[in-house]
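See structure below.
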Amino acid sequence: MGSFHNVINKIRAIYNNSEGFIPLHAPVFNGNEKKYLNECIDSTFVSSVGKFVDRFENEMAIYTGAKNAVVCVNGTNALHLALQLVGVQQGDEVITQALTFIATANAISYCRAYPIFIDVDRDTLGLSPMAVKKWLAANAEIKKGACYNKVTGRRIKACVPMHTFGHPVRLDELIQVCVEYKLELVEDAAESLGSYYKGRHTGTYGKVGVLSFNGNKTITTGGGGMLLFNDNVLAQKAKHLTTQAKEPHAWEFSHDEIGYNLRMPNINAAIGCAQLEQIDFIIKSKRETASIYKEFFKELDIDFICEPKDCRSNYWLNAIVLKDKAQRDEFLKISNDNGVMTRPIWKLMSRLPMYKKEQKGDLENSIWLEDRIVNIPSSVIF
Ligand SMILES: *Cc1c(COP(=O)(O)O)cnc(C)c1O
């Protein structure tokens, strides 16, 4: 495959003709990160109290247009808490996509609930409203105002779509299905900071939306996450649960339920504030890189994943669709052997040992994409 060497050369050209290793997604710290970290250290406020925590929450709420934002130690824990907040309980079932990062499924398991793996759409790479509707029509019934699985008898409580690589799912249609079947919508927006569906930021459509600031995400706090709400009461409950459910008091320690220690430390929030100051540039750079890739792959007759209709994507991780698994494996080998990091999309959740017995729908698109999708370098270029 001579053209694969063209691809590698093109990627090197995009990344300033670098001859060294090109990672998939490296963080960049070109702003006030060090300044704000020094402020934390100089003030001794490095931990669970400090001005950057509140500032990061306020600024992220403004950026996303969410009414409230609550920081968390990471995205996985934020997802777990989000499911708990919408009322997912032990023994419930939760619908999600088969093609996702493991954290989505694990968060459901942490609630002692059961995931149901449904197919994705080929264009959005995210949960297919049609497939969800079809599965529910065959397997679910509404009883006493709630949705029940006719086969297992369990309650189906929530639906968790994930905006894969930053490309928004069909939210309008999913919301319709959730309303019809009385499911709570929780958006796994870990990959989609800076992505919009019909002009509104992803993660603000569901009852709760979750962001991640892991080192490989669009912006990073080292490790971190955020819950987004349009509901003061739910946001306050989240704040309470992430801070040991401590009742506010100047010196007394009293706790009114079983809470968690999930608050993001001030030093992480400090990095987040500095990163958020640069977000417009970061998204612009990522979209420019995507548009260069798009033109290039058009000429090579290789499918490049573009933002869905009516959406504006952050292009967190760029992705191409190869002809089949053999071609995919060949490309993975040639690129990684040549110091250009690429990687296949995740293995389907329904294939993993701990999840292979769970219920699933017809996964035709997921299986097709699983064999063909490869992520290519997507770091911000300064
Ligand atoms: C990164 C990611 C998470 C979890 O984020 P962490 O902050 O690493 O815990 C959850 N879901 C998806 C889809 C992700 O990509």
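The values are calculated or read from the model by the stated rules, or taken from the named source; none is laboratory data. A quick note: this is a predicted structure, and the numbers were derived from the prediction, not measured. Virtual Cβ from ideal backbone geometry, glycine too; neighbours counted across all protein chains shown.
Which numbered condition in (1) closer than 21 Å to residue 263 by Cβ; (2) more than 21 Å from the chain's Cα centre (by Cα); (3) polar (S, T, N, Q) is the only one that residue 64 fails?
(2)
So is residue 92 of a type in the set (Asp, Glu), modelled with pLDDT of 95 or more and touching a helix residue (DSSP H, G or I) at 6+ places or on another chain (Cβ under 6 Å) or not?
no
Residue check: is residue 286 within 22 Å of the chain's Cα centre (by Cα), in a helix (DSSP H, G or I) and among the basic types (Lys, Arg)?
Judged against the criteria, residue 286 is a match.
List the pairs whose first member sits in the stretch 1-30 and is at negative phi, whose second member is basic (Lys, Arg), and whose Cβ atoms are under 9 Å apart, counting only residues at least 6 apart or on separate chains?
Filtered contacts from the stretch 1-30: 18/12; 19/12; 22/12; 24/343; 25/217; 27/217.
Out of all the residues in the stretch 141-170, which are closer than 15 Å to residue 95 by Cβ and either within 16 Å of the ligand (Cβ to nearest atom) or in contact with a Ser or Thr (Cβ under 8 Å, 6 or more places away or on another chain) (or both)?
Once the filter is applied, which keeps residues that are closer than 15 Å to residue 95 by Cβ and either within 16 Å of the ligand (Cβ to nearest atom) or in contact with a Ser or Thr (Cβ under 8 Å, 6 or more places away or on another chain) (or both), the stretch 141-170 yields 158, 159, 160, 161, 162, 169, 170.
Could you check residue 204 against (1) of a type in the set (Val, Ile, Thr); (2) touching a helix residue (DSSP H, G or I) at 6+ places or on another chain (Cβ under 7 Å); (3) within 9 Å of the ligand (Cβ to nearest atom) and say which number it fails?
Tallying (1) of a type in the set (Val, Ile, Thr); (2) touching a helix residue (DSSP H, G or I) at 6+ places or on another chain (Cβ under 7 Å); (3) within 9 Å of the ligand (Cβ to nearest atom), residue 204 fails exactly one: (3).
Determine the pairs where a residue that is at positive phi, located within the stretch 157-183, has a partner that is acidic (Asp, Glu) with Cβ atoms under 8 Å apart, the partner being 6 or more residues away or on another chain.
Close Cβ pairs satisfying both conditions: 165/191; 166/191.
Filter the stretch 317-331 down to the residues that are in contact with a Lys or Arg (Cβ under 7 Å, 6 or more places away or on another chain) and under 29 Å from residue 196 (Cβ atoms) and list them by number.
321, 322
Go through the stretch 1-118 and tell me which helices (runs of 4 or more DSSP H), entirely inside it, have 2 or more residues that are basic (Lys, Arg).
The helices (runs of 4 or more DSSP H) meeting that bar are 2-14, 33-43, 51-64.
Just to verify a result, which residue in the stretch 207-218, among those that are touching a helix residue (DSSP H, G or I) at 6+ places or on another chain (Cβ under 9 Å) and surrounded by fewer than 24 Cβ atoms within 10 Å (Cβ to Cβ), is farthest from residue 275 (Cα to Cα)?
Residue satisfying both the conditions and the ranking: 207.
Conditions (1) assigned by TED's automatic domain parsing to the domain that holds residue 314; (2) small (Gly, Ala, Ser), marked per residue:
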residue	(1), (2)
264	no, no
269	no, yes
272	no, yes
283	yes, no
287	yes, no
293	yes, no
299	yes, no
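What are the residues in the stretch 215-263 that are under 19 Å from residue 77 (Cα atoms), assigned to a helix (DSSP H, G or I) and of a type in the set (A, V, I, L, M, F, W, C), if any?
234, 235, 238, 241
Take the stretch 72-88 and flag every residue that is crowded, with 23+ Cβ neighbours inside 10 Å and among the hydrophobic types (A, V, I, L, M, F, W, C).
72, 78, 79, 81, 82, 83, 88
Give the residue that is nearest to the chain's Cα centre (by Cα), with candidates limited to residues of the stretch 89-102 that are within 16 Å of the ligand (Cβ to nearest atom) and buried (at least 23 other Cβ atoms within 10 Å of the Cβ).
Here the residue is 100.
Test residue 274 against the criterion of being buried (at least 20 other Cβ atoms within 10 Å of the Cβ) and more than 20 Å from the chain's Cα centre (by Cα), and give yes or no.
Taking the combined requirement at face value, the residue satisfies it.
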